[in-house]
Amino acid sequence: RQRDPAPPLHPESRLWVSGTSTVRAFQCQAGAFDAKIESTGADAVAAVLAGEKAVTTIEVTVPAEKLACRNGTMNEHMRKALKAKEFPTVVFRAASYDLTPTNESVGVTLNGTLTLGGVEKPITVNAQAKPGADGMLIVSGTREVRMTEFGLKPPTLMLGTMKVDEKITVGFEVVLKN
């Protein structure tokens, strides 16, 4: 089996982290991230939409320093909570996946590992794959993560009067083109 290079990650791809605190909700955008995706054939987009497991490798890497929360203080606290200096990347690697075609999209269940703050844990992520313009494939979903499961302490600000909830939601919309 030959491994074709990944369909390129389209610039419209987005990844974000959202959560709540005792003061307000927040959202941090990943200013950059990389997806290593390999497939068995040239037209992986059509194959996945047809329910075929054409993708052989899925690995997403996010530089923790590139998370931008639209607030300098929150950026600093979130990066500290994620131990960004010691562990500069957050990595999701899929070990296996299942596809469930429906009328307009394909349900994707990804089983793999998430490495956050230097701790690796098994994780299942549910997503939807659907066709986009010009032969693109849009894969999107969200997954709630408890920071404490990875040994991370949620940020506190203003002498502890603002506490971030340990549950954060990671959302993604990855746009791929053959």
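The values are calculated or read from the model by the stated rules, or taken from the named source; none is laboratory data. What you are looking at is a predicted structure, and each value in this text was computed from that prediction instead of being measured. Quick reminder, even Gly has a Cβ in these numbers, built from the backbone with ideal geometry, and neighbours come from all protein chains shown. Please note that ligands, DNA and RNA were not included when accessible areas were found on the heavy atoms of the full protein model with its side chains. Shrake-Rupley method; radii C 1.70, N 1.55, O 1.52, S 1.80 Å.
Observations, loosely collected:
- Probe 1.4 Å, accessible area per residue of the stretch 1-113, Å²: 56 Å²
- Convex hull volume per residue, computed on the Cα atoms of the stretch 135-178, equals 90 Å³.
- Ratio Rg/Rh, restricted to the chain and using Cα atoms, in which Rh is the Kirkwood radius: 1.01
- The share of accessible area on the stretch 61-152 that comes from carbon and sulfur is 50 percent, using a 1.4 angstrom probe.
- Most fluctuating residue given options THR102, THR161, THR57, as computed from a GNM of the chain linking Cα atoms under 10 Å: THR161
- With at most 14 neighbouring Cβ atoms within 10 Å, loop GluC sites (Glu not before Pro) (DSSP) excluded, longest segment of the chain: 105-178
- Among the trypsin sites (Lys or Arg not before Pro) in the stretch 11-51, those placed in a DSSP loop whose Cβ has at most 12 other Cβ atoms within 10 Å are ARG24.
- In the stretch 108-152, Rg over Rh equals 1.13, where Rg is the alpha-carbon radius of gyration and Rh the Kirkwood radius from pairwise Cα distances.
- Rounded tilt (10° steps) of 72-81 against the dominant C-alpha axis of the chain: 80 degrees
- Net charge, CYS69 excluded, C-beta distance under 13 Å - Lys, Arg +1, Asp, Glu -1: +3
- Mean-square fluctuations from a GNM of the chain, with a 10 angstrom spring cutoff on Cα atoms, peak among PRO154, PRO88, PRO11 at PRO11.
- Averaging the sequence gap over all C-alpha pairs within less than 8 Å and six or more residues apart, then dividing by the number of residues, gives the chain a relative contact order of 26 percent.
- Translational diffusion coefficient (Stokes-Einstein; Kirkwood radius from C-alpha pairs) of the stretch 34-119 at 4 °C, 1.567 mPa s, in µm²/s: 87 µm²/s
- Cut-off 14 Å between beta-carbons: net charge of the residues surrounding THR20, Lys and Arg +1, Asp and Glu -1: +1
- If only the Cβ of Lys and Arg carry +1 and only the Cβ of Asp and Glu carry -1, the dipole of the chain around its Cα centre is close to 620 debye.
- PHE172 accessible area, 1.4 Å probe, all protein chains in place, Å² to nearest 10: 30 Å²
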